[in-house]
Amino acid sequence: MKLNKVILTFGIALIIISCATNPFTGKKTMALVPNSQLFPTAFAQYDQFLTENKVVKGTKDAEMITRVGQRIAVAAERWLNANGHQGYLNDYKWEYNLVDDKTVNAWCMPGGKIVFYTGILPIANGETGVAAIMGHEVAHALANHGQQRMSAAYVQQGLAIAGNIAIKDDQSRNAFNQYYGVGSNVLGMLPFSRSHETEADKIGLYLMAIAGYNPAEAAELWKRMKANSGGQAPPEILSTHPSNDSRIANLTALAPRAKEEAKKFGVTTFR
């Protein structure tokens, strides 16, 4: 079978079984691994992570992480219910933990398991900054970005296997592997990841506004992120994330729209 027929057959099969819908965009998304499998795995990995790291309990910062997370979760449920997605969060098991670590990072696993590192708190610079980070990380989980990235990785690997099966001579196969590895990353996986970050920025901005936090502060957070990075970042085309300047500009433009969205839920003043 010729290479183009192999790839076409593989692509058609994937389209048939990829049937999830992003509730925030209405777009069809790849879902080769269902949440019924993904969530339990994520929960087990999260529990394991907590046993291997120093979890901060009972402090004002730890209480703030939980408080902000609960408000963002309520905002998400309000938005989803208002937009015809009742029950979307039924399988989510929200949990919020602060971990003593200098790493400047936070994350939310599929199904709502959240970690903030203490290293990001000085850059958050208060509860509203934490809300901007929380909204963004929760948005990744709500939009099933982890599921999509895993599915995309399977597609990338599957096409590589198909190419290696279809190409018979070693020289052509080696050339294919070399160019496919670089091309599929730069032209496929990296733009895919950047689009997820931009989407999470928008969703997160809306969530923080509905939760009562000033969405204009998200751009200020990223200005601090940029200052903290010291300008050390790869070119955007070679990165999994948009550039700091792109994010700042995008968040600044979206903030008024987020406030308008919050008004639909009776939120007109912000922390």
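The values are calculated or read from the model by the stated rules, or taken from the named source; none is laboratory data. Computed from a prediction, not measured in an experiment: that's the story for all the values here. Quick reminder, even Gly has a Cβ in these numbers, built from the backbone with ideal geometry, and neighbours come from all protein chains shown. When the accessible area is computed, the model is the full protein with side chains, heavy atoms only, and any ligands, DNA or RNA have been set aside. Shrake-Rupley method; radii C 1.70, N 1.55, O 1.52, S 1.80 Å.
Using a probe of 1.4 Å on the protein chains alone, the accessible area found for Leu121 is around 30 Å².
Label-to-label distance, Thr59 versus Val74, with points set 7 angstrom from Cα along the beta-carbon direction: 2.6 nm. Between Arg67 and Phe265, the modelled labels are 1.8 nm apart [label points 7 Å from Cα along Cα→Cβ]. Once the chain from Arg224 to Ser36 is taken as fully extended at 0.36 nm per residue, the excess over their C-alpha distance is 63.9 nm. Shown in residue order for segment 118-129 are the 3J(HN,Hα) couplings computed by the Karplus curve 6.51 cos²θ - 1.76 cosθ + 1.60 at θ = phi - 60°: 4, x, 8, 5, x, 6, 4, 6, x, 5, 5, x Hz (x for Gly and Pro). A cut-off of 5 Å between modelled amide H atoms, ignoring neighbours fewer than 5 places along the same chain, links Leu32 with Ser151.
In a DSSP loop and with at most 14 other Cβ atoms within 10 Å, the GluC sites (Glu not before Pro) in segment 34-85 are Glu52.
With a Förster radius of 41 Å applied to the C-beta separation of Ala44 and Ser243, the computed FRET efficiency comes to 0.70.
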